[in-house]
Structures are given as C-alpha cells and as structure tokens.
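The values are calculated or read from the model by the stated rules, or taken from the named source; none is laboratory data. Everything numeric here is computed off the predicted structure, so don't read it as measured data. Cβ sites come from the backbone with ideal geometry, for glycine too, and all protein chains shown count toward neighbours. Ligands, DNA and RNA are excluded from the accessible area calculation, which covers all protein heavy atoms including side chains. Shrake-Rupley method; radii C 1.70, N 1.55, O 1.52, S 1.80 Å.
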Amino acid sequence: MAQFDLSLDELERYRPDIPEPDDLDAFWQETLAEQERHDLAATFTPVHNGLATIDTLDVTFAGYGGHPVRGWLHLPVTRTGPLPVVVEYLGYGSGRGAPHEKRLWADAGYAHFVMDTRGQGAETPDPDPATGDVAAPGFLTRGVLDPRRSFYRRLYTDAVRAVAAARTHDAVDPARTVVTGTSQGGGIALAAAGLVPGLVACMPDVPFLCHFPRATTITDMPPYAEVTKYVKLHREHAATVVRTLSYVDAATLARRASAPTLFSAGLMDHICPPSTVYAAFNHYGALRNVDQADKQIRAYPFNDHEGGGPTHEVVKLEWLAKQLETSV
C-alpha cells in the first residue's frame, strides 16, 4: 500500500462541509425515546473464563426494539469500589468472541464491557432481513432507502443501550464511562459519544462510517464498496441512499460529542481513508465547544487499516489514565 489521500498538512486542516438533514437531532431523539418503552432488563451471569485475574459476566440487555443483545463484562478480581468502565464496540463482521479474548481494559484495572454486534455476532441475529428489503451483501445498505429502517439506526441504538446496561452494574462507576472501538467499532463509539451524555472519554481507532460522501468515492474497498455496488445497480435511488446515510454518518454525530477524545488514523488506510477519519476528528465536538486541548489524533504514516496496533494501545492506556485523573 502507499499513501494515496491528502497530505498530513492537508488532513490536519481538512474540515469538509458534510451535509446533514435538518431533522437529524429530532430523528435521534425520537429513536432513543421510542426505546424507553422497552425495559433495559440487563442481566449479568458469571461464566468460567479460565483466567485467574479477571471475572467475566455474560450480559444480556434489551437493545433496539427490545431485541436481546449480548455482551461480556470483564472485571478485575482484585477490584475495590466502583470502577471506570470502558465500553468497547467491535469491527465489521465480528462478534464478542470467547470470554477470554478481549480483556485489555480489565487487565489494566477497569471494568470492560464488550458489546456483541447484531447480525454480525453469532448470538444476536438481526431480524430485519425477513422484511425483504433489497440490499447489497453486507450491512451498509440494509434499509438504505429509509433512515428509519437503516441497520445502523438499530446498531447505534444498541450502542446507547449498552452504555446504559454497563452503568447499572454495582461494580461500575457510571460517572466514569468511556467508549472505544476499532474500524466499525470506532464509528459506533463516535455515534455513542454524540448520543450519550456524560461520557468522560471517547477513543475511536481508524473509524469506519465517517463522511460517507467522500468515503464512497475515494475507495473501492469494502465495506464502503457495498454502497457503490448498490447504487451502480439501483441508479434511481442514489439521492435517497445519500440522504439515508446522512442520518448515520458518525462524523456528523461526532459534532455533538462533548467528551475528550483520542483518535488514530493509518495514512495508508484504503478501507477507512485518512481524510474520512480526519473529517470526523476535525468536526468532533464542534457543537459542544470541545476545547482543542481535549482532542488528540495519532497518525501512523506507514500503516494501513491496522493503524497503530499494539503501539497505539499503549498510547490509549496512558492517555485514558490521565483523563480519568483529571475527571475525578
């Protein structure tokens, strides 16, 4: 791979006008209010994980439409008092996995909530394919002719409800809630940061789902290629597709975020082009007057979609520890 997008200097100044619908805030307020009629019904069942230092709880909570969504809550065995919680969302096509797999934040002494992804995790199928909607293979174009039917309307709602579920556990300090994720998980974290009040930090890595108008024209890599394939076959729906995606664009939802943030970007990333990541970063918190000192991004010039990998995990651990020190 090679750097193919804007130069780093241009990326740092890149603040495109990303169209958003006039009723975006009303749409999400209505969506989340509708879900309040469903009891969160969060349950936490201990499971054996084979680990000596972490306790794992199998979580079920009511997501969008009351659908059961699964997750893991990992807790340090030696915990004392309520802990900050890191809510992690997952990459495209992946689920929560086995109990011992994703546990970085619990190893670091935090509560760590890993949300399964409807339709992508093995245990939480998305029921909507039964509606007969036409879509390209994948998830981006499910319900793409109507924002109310969009797959990502449901998934972002799950993400908001996951934060609420994590905050109900007595080992968690709800005032110290963090969201994070990589790729699709990073885009979901940005959406959650724009939709959930009171977060103390947001850490999206190489986020997907940002600045669709540019992403769908600058790269031919999936998953964004799902959109171009769909419009190639259904030319008459192009304007409708653009409008629907504007309701779930993580870059516009990120404008509503208020928590300090740490992004990462790979400058050779052909899956989530760096200009789409920087568009989200440069717009982040714009409607909440987030101080520039509370926004950081790490660029990895010679990395593709893996971004900073383990190196960036160390950066995140150090950055979050400082954020939590100042939030007390």
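Would a scan of the stretch 150-171 turn up a residue that is within 27 Å of Ala238 (Cβ to Cβ), touching a Gly at 6+ places or on another chain (Cβ under 7 Å) and without any contact (Cβ under 8 Å) to a residue 24 or more places away in the chain? So far as the stretch 150-171 goes, no, none of its residues is within 27 Å of Ala238 (Cβ to Cβ), touching a Gly at 6+ places or on another chain (Cβ under 7 Å) and without any contact (Cβ under 8 Å) to a residue 24 or more places away in the chain. If you check Ala238, Ala279 for being of a type in the set (Gly, Ala, Ser) and in contact with a Lys or Arg (Cβ under 8 Å, 6 or more places away or on another chain), only one passes: Ala279.
Restricting to the stretch 147-179, name every residue that is outside any helix (DSSP H, G or I), open to solvent by less than 40 Å² (accessible area, probe 1.4 Å) and hydroxyl-bearing (Ser, Thr, Tyr). The answer is Ser150, Thr177.
Say we look at the stretch 310-328 and pick out the residues that are charged (D, E, K, R) and open to solvent by 50 Å² or more (accessible area, probe 1.4 Å); which of these is nearest to Trp105 (Cα to Cα)? Once the filter is applied, the top-ranked residue is Glu313.
Specify which of the listed residues (Thr240, Thr252, Thr326) is polar (S, T, N, Q), at pLDDT below 95 and over 19 Å from Tyr92 (Cα atoms).
Working: Thr240 fails: at pLDDT below 95; Thr252 fails: at pLDDT below 95.
None of the others qualify; the one that does is Thr326.
Whether a residue is touching a strand residue (DSSP E or B) at 6+ places or on another chain (Cβ under 8 Å), over 26 Å from Phe151 (Cα atoms), in contact (Cβ under 8 Å) with a residue 12 or more places away in the chain and not in a helix (DSSP H, G or I) was assessed, and Leu320 does not pass this test. Residues in the stretch 22-32 that are over 21 Å from the mean Cα position of the chain (by Cα) and surrounded by 12 or more Cβ atoms within 10 Å (Cβ to Cβ): Asp23 only.
Scanning the stretch 253-262 for residues being touching a Cys at 6+ places or on another chain (Cβ under 9 Å) and either β-branched (Val, Ile, Thr) or buried (at least 24 other Cβ atoms within 10 Å of the Cβ) (or both) gives a total of 5. If you take the residues in the stretch 33-52 that are touching a residue at least 24 places away in the same chain (Cβ under 8 Å) and either within 18 Å of Phe151 (Cα to Cα) or assigned to a strand (DSSP E or B) (or both), which one is farthest from the chain's Cα centre (by Cα)? Taking the candidates together, the pick is Val47. Being touching a strand residue (DSSP E or B) at 6+ places or on another chain (Cβ under 6 Å), over 15 Å from Pro204 (Cα atoms) and surrounded by fewer than 18 Cβ atoms within 10 Å (Cβ to Cβ) is a property that Asp291 lacks. Number of residues in the stretch 67-84 that are surrounded by 20 or more Cβ atoms within 10 Å (Cβ to Cβ) and free of Cβ contacts under 8 Å to residues at least 40 places away in the same chain: the value is 1. Within the option set Leu190, Leu209, being at positive phi, surrounded by 24 or more Cβ atoms within 10 Å (Cβ to Cβ), touching a residue at least 24 places away in the same chain (Cβ under 8 Å) and not in a strand (DSSP E or B) holds for one residue only, Leu209.
Residue count for the stretch 75-95, restricted to those that are under 19 Å from the mean Cα position of the chain (by Cα) and assigned to a strand (DSSP E or B): 6. Residues that are assigned to a helix (DSSP H, G or I) and either within 27 Å of Gln3 (Cβ to Cβ) or at pLDDT below 95 (or both) within the stretch 303-317 comprise Gly309, Pro310, Thr311, His312, Glu313, Val314, Val315, Lys316, listed in sequence order. Of all the numbered requirements in (1) farther than 30 Å from Glu325 by Cβ; (2) at pLDDT 95 or above; (3) part of a loop (DSSP other than H, G, I, E, B); (4) not small (Gly, Ala, Ser), Pro137 misses one, and that requirement is (2). Among the criteria (1) acidic (Asp, Glu); (2) surrounded by 14 or more Cβ atoms within 10 Å (Cβ to Cβ); (3) within 22 Å of the chain's Cα centre (by Cα), the one Asp55 does not fulfil is (3). Say we look at the stretch 85-109 and pick out the residues that are of a type in the set (Asp, Glu) and open to solvent by 50 Å² or more (accessible area, probe 1.4 Å); which of these is farthest from Tyr224 (Cα to Cα)? The residue in question is Asp107.
Filter the stretch 43-52 for residues that are within 14 Å of Arg103 (Cβ to Cβ) and touching a Ser or Thr at 6+ places or on another chain (Cβ under 7 Å); which is least open to solvent (accessible area, probe 1.4 Å)? Checking each candidate, the answer is Asn49.
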